[in-house]
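**Student:** Quick one: the structure is below, and I'll ask about it shortly.
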Amino acid sequence: MIKRSRLRPFRTLGHRTTDRIWRLGAGARLFWLTLISSGESFRRFHLTIREVYFTGVMSLIIIVVSAFFVGMVLALQGYNTLQKYGSSEAIGVLVALALVRELGPVVTALLFAGRAGTAITAEIGLMKATEQLSAMEMMAVSPIARVIAPRFWAGVIAMPVLAALFSMVGILGGYLVAVPLIGVDSGAFWSQMQANVDWHDDIVNGVIKSVVFGVACTMIALFEGYDAPPTAEGVSRATTRTVVISSLAVLGLDFVLTSFMITL
Amino acid sequence: MTQNIVEIDNLSFGYKGRMLHQGINMVFPRGKVVAIMGGSGSGKTTLLRLIGGQIRPNKGEVRVDDQVVHKQSREGLYQLRRKMGMLFQHGALFTDLSVYENVAFPMREHTQLPESMIHDLVLMKLHAVGLRGAHQLMPTELSGGMARRVALARAIALDPDIVMYDEPFAGLDPISMGVICDLIRTLNDALGTTSIIVSHDVKETFLIADYVYFVANGTVAAEGTPADLSKSSLPFVHQFVHGEKDGPVPFHYAAGDYKQDLLGFEA
Ligand SMILES: Nc1ncnc2c1ncn2[C@@H]1O[C@H](COP(=O)(O)OP(=O)(O)O)[C@@H](O)[C@H]1O
Ligand SMILES: [Mg+2]
C-alpha cells in the first residue's frame, strides 16, 4: 500500500505529460482540419467579415486605451534616459521602434487573448455544450468549416490591424507627452522617426509577428472551446487556459521570431 | 426502395468499455411514427446518434435507405444526413441567430434558393409550428416549448424523409406537450415523413406512436403497438407503463459489492 502511494506523484506526472502531448496533437489536428476546410470562409467571405467585425470591435477600446498609456509611458521613460546623453530629439525614434517592433504586436496579442480569445473560447464551448455543433453536424454542415474556420481567419486578419492601430495610437500618446508636455521639438520628433524606422526591418517584421500571434492566439482560443468538456465548469476552465496558454505562446514565439529576425 | 427506411441490425455499442447496447434489432417503416422508450440512461439518445452516424457501432449496423451508415465516406454521410432532421432534447438553436435565421440556416447552407423563396419557406415552416409571429425573436427570448417548436421548424426546413425527436415532451407544461404531440403526428402525416421518437413519457408517446420499442439492459425488452403493450403482462412493460420504482429494471446503476465498497476504502 505504501509503495503505491509513493508512486502516485510519478503517476500524476505521467498522466499530465501524456495529457499535454495528447492535447498538443489534438490542437494540431484541429489546426490542420481548419486549414483544409477554409474554402468556405473565403468563398462566403461575409461569414469571415462578420467575425472580423466582432473580434475587432470587441478588442478595439481596450487596445486604443492601452496603446495611449503605453506610448505616454514610453516617452516619459525614454526622455528621462535620453536627456542624460543630450539626445532627447531621438525620443520619437525610441517610441516608434519600441512600439512597431515589440510592444505593438506583443501587447496587442496579450490583450486580444484576454478579450477576444476568452470570448471565442466561451462562445465555442457554449455552442458545444448546448449541442449547437452537434445539431450542425446533423444538418450535414461541418462546424469546422462553418464556425471554426471563419473565426480563425477573422483573428488572423484582425490581429495585424489591431497591432498597427496600437502602434499608431501609442506614437500619438508618445508625441503628446514629448512635444507639448516636455517641449521636444516637433520637427525633430517626426523627422528622426522617419529617418530611422526601416520599412523592412521594423514594420514588415512587426507585421509578421502579429500575423503569427494572430494564428496562435485564435487557434488556441478555438481549440480550447472546441475541446472543452460540455459543462459550465469545463467552459470556465477552458477560458482560463486560453489566457494562460496564449500569453505564454505569444511571449515564447516573440523570442523565437525576434532572434530569427535579428540574425537573418 | 425497401419498406423500412431505417433498419438497426444486431447493433452493439458501448462508451469506454461499458456496453450500452447489446444486439439491438429495430425497423422503422416508411411513413410511420415509431417510438423508442426506456429509462434515463438506457441509451436512447445514443441510439439516435448511431442512426445519424455521429458515433460508430462496435458491432452490427444501422442502415438508412439501404445504406450502411458507418461505412459511408464523409460526403456519403452528409448526403444521408440531408434526408434526416433531428430535434435535439434542448432544441440546440443557434443562439447568435434569430428564429428566422435559425430556420433559414439549412436552406442557406444547402440550397441556392433566392432570398424571396427562402423568406416564404421560412414563414411557411414557422406557420406550421404556430410561430410565424415570433420570427424576429432571438432564441433566448423563447420559452422551452417555443424553442422546441422552432427547432422542429428548423428540422423540417428541407423536408427530410426521417425526423428524429429526442425527448420532445420532457420538461414541458401540459399544454405545450399537447401542442407538440399534435404537431408530430400532423407533420408526419402531412409531409409523409417517418418519425422516430425517443421518450420516456408513456402517455403522450402511446397516443401518437404506431409502434413502440422498449429498450432495457441494452436490448429490446418488448415491442408492439401501443394497444398491445398497454395490455401486456410482461413484468418490464408493466413496471414502465405503471411507473413502479423497482422491478425488472433495477433502481441501482450496476455497481460492485456494496459492503466491499464501504469497507475497502483506502486513503
Ligand atoms: N459522450 C459520452 N461519453 C461517455 N459516456 C456517455 C456519453 N454520452 C452518454 N454516455 C453514457 O451513456 C449512457 C446512455 O446515455 P444516453 O444515450 O444519453 O441515455 P438516454 O438518452 O436514454 O437517457 C449514460 O449512462 C451516459 O452516462
Ligand atoms: Mg437522452
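**Student:** Taking 0.36 nm per intervening residue step and subtracting the Cα-Cα distance, what contour gain separates B:LYS203 from B:HIS242 on full extension?
**Tutor:** The span from B:LYS203 to B:HIS242 would gain 13.0 nm if fully extended.
**Student:** Just checking the output field for B:88-94: average partner chain Cβ neighbours within 10 Å of each residue's Cβ?
**Tutor:** Mean shielding by partner chains, rounded to a whole number: 5.
**Student:** Taking a quarter of the surface of the Cα convex hull of region A:99-150, what do you get in nm²?
**Tutor:** 4.1
**Student:** Which whole-angstrom value gives the distance between the alpha carbon centres of region A:94-129 and region A:137-174?
**Tutor:** 10
**Student:** Which values, in whole Å and largest first, are the semi-axes of the equivalent ellipsoid of region A:89-242 obtained as the square root of 5 times each eigenvalue of the Cα gyration tensor?
**Tutor:** 41, 15, 10
**Student:** Percentage of Cα-Cα pair distances in region A:143-195 greater than 12 Å, rounded to whole percent?
**Tutor:** Every Cα pair in region A:143-195 considered, those over 12 Å come to 72 percent.
**Student:** Have a look at region B:16-147 and give its Rg and Dmax from the Cα atoms, expressed in angstrom.
**Tutor:** Computed over the Cα atoms of region B:16-147, radius of gyration and Dmax are 17.6, 52 Å.
**Student:** Using mean Cβ contacts within 10 Å as the protection proxy, how do B:13-19, B:144-150, A:91-97 order, highest first?
**Tutor:** Ranking, from highest mean packing down: A:91-97, B:144-150, B:13-19.
**Student:** What is the Cα radius of gyration of region B:90-141 over 2.2 N^0.38 Å, N being its residue count?
**Tutor:** 1.08
**Student:** Here is a follow-up. Relative to 2.2 N^0.38 Å, what does the C-alpha radius of gyration of chain A come to as a ratio? Two decimals please.
**Tutor:** 1.20
**Student:** Sort A:LEU24, B:LEU87, B:LEU50, B:LEU158 by Cβ crowding within 10 Å, fewest neighbours at the top.
**Tutor:** A:LEU24, B:LEU158, B:LEU50, B:LEU87
**Student:** Go ahead and collect, in residue order, the members of region B:1-23 whose backbone nitrogen is under 20 Å from a label point 7 Å along the Cα-Cβ direction of B:LEU234.
**Tutor:** Those under the cut-off are B:7-13, B:20-23.
**Student:** So between A:LEU33 and A:SER259, what do we pick up on full extension, going 0.36 nm a residue minus the alpha carbon distance?
**Tutor:** 78.3 nm
**Student:** Here's another thing I want to ask about it. Given B:LYS44/B:LYS83; B:LYS16/B:LYS71; B:LYS44/B:LYS71; B:LYS44/B:LYS203; A:LYS128/B:LYS203; B:LYS59/B:LYS231, which pairs have Cα atoms separated by over 27 Å?
**Tutor:** A:LYS128/B:LYS203; B:LYS59/B:LYS231
**Student:** If the viscosity is 1.567 mPa s and the temperature 4 °C, what translational diffusion coefficient in µm²/s does Stokes-Einstein give for region A:64-166 when Rh comes from Kirkwood over Cα pairs?
**Tutor:** Answer from the Stokes-Einstein relation: 79 µm²/s.
**Student:** Once Rh for region A:1-79 is found with the Kirkwood sum over Cα pairs, what is the Stokes-Einstein diffusion coefficient at 20 °C and 1.002 mPa s, in µm²/s?
**Tutor:** So the translational diffusion coefficient is about 120 µm²/s.
**Student:** Along its three principal axes, how long is region B:85-216 when you only count alpha carbons? Whole Å, largest extent first please.
**Tutor:** That gives 46, 30, 23 Å along the principal axes, largest extent first.
**Student:** Same structure, new question: Given the DSSP H assignment, sum -39500 (n - 2.57) over each helix run of at least 4 residues in chain B and divide by its residue total; what's the result at 222 nm in deg cm²/dmol, nearest 500?
**Tutor:** -11000 deg cm²/dmol
**Student:** Here's something else I'd like to know. Between A:VAL73, A:VAL169, A:VAL147, which gets the highest mean-square fluctuation from a Gaussian network model of chain A, Cα cutoff 10 Å?
**Tutor:** A:VAL73
**Student:** First check a/c for the protein assembly as shown, with a ≥ b ≥ c the square roots of the eigenvalues of its C-alpha gyration tensor; if it is under 1.5, answer rounded, and if not, answer prolate when a/b is larger than b/c or oblate otherwise.
**Tutor:** Here the protein assembly as shown falls in the prolate category.
**Student:** Moving to a separate point now. Can you divide the C-alpha Rg of chain B by 2.2 N^0.38 Å and report the result to two decimal places?
**Tutor:** So chain B has a normalised radius of gyration of 1.08.
**Student:** What distance in nm separates the simple spin-label points at B:LEU97 and A:ARG237, each placed 7 Å from Cα in the Cβ direction?
**Tutor:** Computed distance between label sites B:LEU97 and A:ARG237 equals 3.2 nm.
**Student:** Ranked by Cβ crowding within 10 angstrom, fewest neighbours first, how are A:MET58, A:MET219 ordered?
**Tutor:** Going from least to most buried by this count: A:MET58, A:MET219.
**Student:** Per DSSP H run of at least 4 residues, take -39500 (n - 2.57); add these up for chain A, divide by its residues and hand me the 222 nm value, nearest 500 deg cm²/dmol.
**Tutor:** For chain A, the value works out to -26500 deg cm²/dmol.
**Student:** Continuing with this model, one more query. Counting Lys and Arg as +1 and Asp and Glu as -1, each charge on the Cβ, what is the dipole of region A:172-263 about the Cα centre in debye, to the nearest 20?
**Tutor:** Roughly 200 debye for region A:172-263.
**Student:** Take every Cα-Cα distance within region A:221-262, group them into 5 Å bins from 0 onward, and report for each bin the whole-number percent of pairs it holds.
**Tutor:** 5, 24, 20, 16, 11, 10, 7, 5, 2, 0
**Student:** Give, in whole angstrom and from largest to smallest, the semi-axes √(5λ) of the equivalent ellipsoid of region B:32-93, with λ running over the eigenvalues of the Cα gyration tensor.
**Tutor:** After diagonalising the Cα gyration tensor, the semi-axes are 20, 15, 12 Å.
**Student:** Kyte-Doolittle mean at least 1.6 and Cα extent at least 30 Å along the axis: which DSSP H helices of chain A qualify?
**Tutor:** none
**Student:** Oh, and also: Where does each of B:CYS181, A:CYS217 land when they are ranked from fewest to most other beta-carbon atoms within 10 angstrom?
**Tutor:** B:CYS181, A:CYS217
A short reminder: the numbers here are calculations on the coordinates, not readings from a lab. Small disclaimer: the values here were computed from a predicted structure and weren't measured. Note that we place each Cβ from the backbone using ideal geometry, even for glycine, and neighbour counts take in every protein chain shown.
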